[in-house]
Each structure stands twice: as structure tokens, then as C-alpha cells.
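Enquirer: The structure under discussion is supplied below as C-alpha cells; questions concerning it will follow.
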Amino acid sequence: MTEIEVRVVSAEAADHGAAEFWLGDRLFGFTRLDDGELVLTIEPLEDGRAISVNAHSLHDALAEAKRLLASY
């Protein structure tokens, strides 16, 4: 399992709750604010395959997204 990297690209993105979730060189999801709640959208890979991440890695990545977004 590859570690999930979380990126927040700008203060403007952070204002909208936008954090990117990467597996290696592939963007697989992003967050956004919806009625004040942080929502994660996961997109299929370009070739249509599903993405699998373990619960621990996803939990840690969501916590990191919240931390990064709060730091802007």
C-alpha cells in the first residue's frame, strides 16, 4: 500500500476546503466544504480501475487534510 500524500495548493483552495489526495503520481480524490462539513470525493483511475486504500491510511490522510487546511 502506497502512503497517501495530502496537498493544499493555496490559501484560496484552503478557504474552500480543497485538499488533494495523491497515491504516488496519481490524484485520486479531493476534499471540499459542503454546508461547513469536509467531504471527500474519490475518483476512479483514468483506466476505470477502482482505488483501494486501507482505513488507517485514509484516516491519517483526512486528519492531515484537516490540519493543513486549518494552517492557512
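The values are calculated or read from the model by the stated rules, or taken from the named source; none is laboratory data. For clarity, every value in this text was computed on a predicted model and none was experimentally measured. No Cβ is skipped: glycine too gets one built from the backbone with ideal geometry, and neighbour counts run over all protein chains shown. Each accessible area value is taken on the protein alone, full model and side chains, heavy atoms only, with ligands, DNA and RNA left out. Shrake-Rupley method; radii C 1.70, N 1.55, O 1.52, S 1.80 Å.
Enquirer: For the stretch 32-72, which residues satisfy the criterion of being touching a Phe, Trp or Tyr at 6+ places or on another chain (Cβ under 7 Å) and among the β-branched types (Val, Ile, Thr)?
Expert: Within the stretch 32-72, 41, 42, 51 qualify.
Enquirer: Could you please tell me which pairs satisfy a Cβ distance under 7 Å, a separation of 6+ or placement on different chains, a first residue in the stretch 1-12 that is more than 19 Å from residue 52 (Cα to Cα), and a second residue that is modelled with pLDDT under 95 and not basic (Lys, Arg)?
Expert: 8/72; 11/72
Enquirer: Follow-up question, since we're still on this one. How about the chain: which strands (runs of 3 or more DSSP E) wholly inside it have at least 1 residues that are open to solvent by less than 40 Å² (accessible area, probe 1.4 Å) and in contact with a helix residue (DSSP H, G or I) (Cβ under 8 Å, 6 or more places away or on another chain)?
Expert: Correct list: 4-7, 20-23, 26-34.
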